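Below you'll find the structure I mean.
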Amino acid sequence: MERQPFQLDDTIKNNVRTYLQQISTEASNLIKHLDTSNHCILCDFEEMRKLFQDVQATAASYYLRHYLSPYTFEYAALSLAIHNLSEKRHGALIVIEREQNVDSLIQKGIPIQAPVSATLVETLFYPGTPLHDGAVLIRNNQLISAANVLPLSSIISTTKKLGTRHRAAIGMSEKSDALILVVSEETGKISFALDGSLYPIHSSKNMI
């Protein structure tokens, strides 16, 4: 599925440029350290890994709003909800339907049919409540249903272990153009799945 290009604004360009300059500096330092027998280059690699993760999360946070805004006006409510869920480490899985109807791809849960609000989304994913497992489905500006079961991705990562929520998010994005938000219950980290890939994003109340 071809993604629509978006023009980067000056703020995001400057942020990304700063990260890339830092990565370039770290790479130069690593090259110098290769000739230093008493220096452990693993620390250099770890610093570069963190910088790459940060620049990816910065770019993904910027693009997320553009991916969502044509399909729901409630991205501000979603941003607040997943930020609060992240802080409390309450796991969440939210499907935002885009061009393709996803009804045939999910095992339907409990109908809700209510306007999207941050409070409602947070309440549905509160641990121990009957609807906290499974995915919420959002269509336009309505929260359609909760406790939906999504298709799991068959891809097994060789580099990292993915939990059920993340595999479900990727699986759904492999079969549709939906965008799926995920909050990790273990770490509180936020990511979104699109076109079979998972992207980490920064947690803030205005991330979307």
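Just to be sure I understand, how many residues within segment 58-86 are closer than 13 Å to Lys189 by Cα and either in contact with a Gly (Cβ under 7 Å, 6 or more places away or on another chain) or without any contact (Cβ under 8 Å) to a residue 24 or more places away in the chain (or both)?
Residues that pass the stated criteria total 1.
May I ask you to list the residues in segment 98-112 that are open to solvent by 10 Å² or more (accessible area, probe 1.4 Å) and farther than 25 Å from Pro127 by Cα?
Those that are open to solvent by 10 Å² or more (accessible area, probe 1.4 Å) and farther than 25 Å from Pro127 by Cα: Arg98, Glu99, Gln100, Asn101, Asp103, Ser104, Leu105.
Can you name every residue in segment 18-28 that is under 17 Å from His202 (Cβ atoms) and either aromatic (Phe, Trp, Tyr) or surrounded by fewer than 11 Cβ atoms within 10 Å (Cβ to Cβ) (or both)?
Within segment 18-28, Tyr19 is the sole residue that qualifies.
Just one of Ser79, Ser173 is crowded, with 21+ Cβ neighbours inside 10 Å, modelled with pLDDT of 95 or more and polar (S, T, N, Q); which is it?
Result: Ser173 is the single residue among Ser79, Ser173 that is crowded, with 21+ Cβ neighbours inside 10 Å, modelled with pLDDT of 95 or more and polar (S, T, N, Q).
Is there a residue in segment 62-69 that is open to solvent by 60 Å² or more (accessible area, probe 1.4 Å), of a type in the set (Phe, Trp, Tyr) and assigned to a helix (DSSP H, G or I)?
Checked segment 62-69: at least one residue is open to solvent by 60 Å² or more (accessible area, probe 1.4 Å), of a type in the set (Phe, Trp, Tyr) and assigned to a helix (DSSP H, G or I).
Listed here are the residues, each with its yes/no results for (1) open to solvent by 40 Å² or more (accessible area, probe 1.4 Å); (2) modelled with pLDDT of 95 or more; (3) within 21 Å of Ser117 (Cα to Cα); (4) in a strand (DSSP E or B).
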| residue | (1), (2), (3), (4) |
| --- | --- |
| Ser153 | no, no, no, no |
| Lys160 | yes, no, no, no |
| Arg165 | yes, no, no, no |
| Ile180 | no, yes, yes, yes |
| Pro200 | yes, no, no, yes |
| Ser203 | yes, no, yes, no |
| Asn206 | yes, no, yes, no |
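Right, something else. How do the pairs read when you match residues in segment 110-132 that are among the acidic types (Asp, Glu) with residues anywhere that are open to solvent by 70 Å² or more (accessible area, probe 1.4 Å), using Cβ under 9 Å and keeping only pairs 6 or more apart or on different chains?
As it stands, the answer is Glu122/Lys88, since those pairs meet every condition given.
May I ask you to verify whether Ala147 is on the phi > 0 side of the Ramachandran plot and of a type in the set (A, V, I, L, M, F, W, C)?
Considered against the rule, which asks whether it is on the phi > 0 side of the Ramachandran plot and of a type in the set (A, V, I, L, M, F, W, C), Ala147 comes out as yes.
Tally up the residues in segment 87-108 that are in contact (Cβ under 8 Å) with a residue 12 or more places away in the chain and either out of contact with any Gly (no Cβ under 9 Å at 6 or more places or on another chain) or within 14 Å of Leu137 (Cα to Cα) (or both), please.
The total comes to 14.
Within segment 121-148, count every residue that is farther than 16 Å from Lys88 by Cβ and in contact with a helix residue (DSSP H, G or I) (Cβ under 8 Å, 6 or more places away or on another chain).
6
Same structure, new question: Within the bounds of segment 29-52, is there any residue that is among the aromatic types (Phe, Trp, Tyr), open to solvent by 60 Å² or more (accessible area, probe 1.4 Å) and under 21 Å from Ile96 (Cβ atoms)?
For segment 29-52, residues among the aromatic types (Phe, Trp, Tyr), open to solvent by 60 Å² or more (accessible area, probe 1.4 Å) and under 21 Å from Ile96 (Cβ atoms): absent.
Could you tell me which residue of segment 129-151 is most open to solvent (accessible area, probe 1.4 Å), considering only residues that are part of a loop (DSSP other than H, G, I, E, B) and of a type in the set (S, T, N, Q)?
This residue is Asn140.
Checking the conditions here, which among Val121, Val95 is in a strand (DSSP E or B), open to solvent by less than 90 Å² (accessible area, probe 1.4 Å) and over 10 Å from Ala147 (Cα atoms)?
Testing whether each residue is in a strand (DSSP E or B), open to solvent by less than 90 Å² (accessible area, probe 1.4 Å) and over 10 Å from Ala147 (Cα atoms) leaves just Val95.
The values are calculated or read from the model by the stated rules, or taken from the named source; none is laboratory data. Computed from a predicted model, the values in this text were never measured in an experiment. Using ideal geometry, Cβ is built from the backbone for each residue, glycine included, and neighbour counts are taken over all protein chains shown. When the accessible area is computed, the model is the full protein with side chains, heavy atoms only, and any ligands, DNA or RNA have been set aside. Shrake-Rupley method; radii C 1.70, N 1.55, O 1.52, S 1.80 Å.
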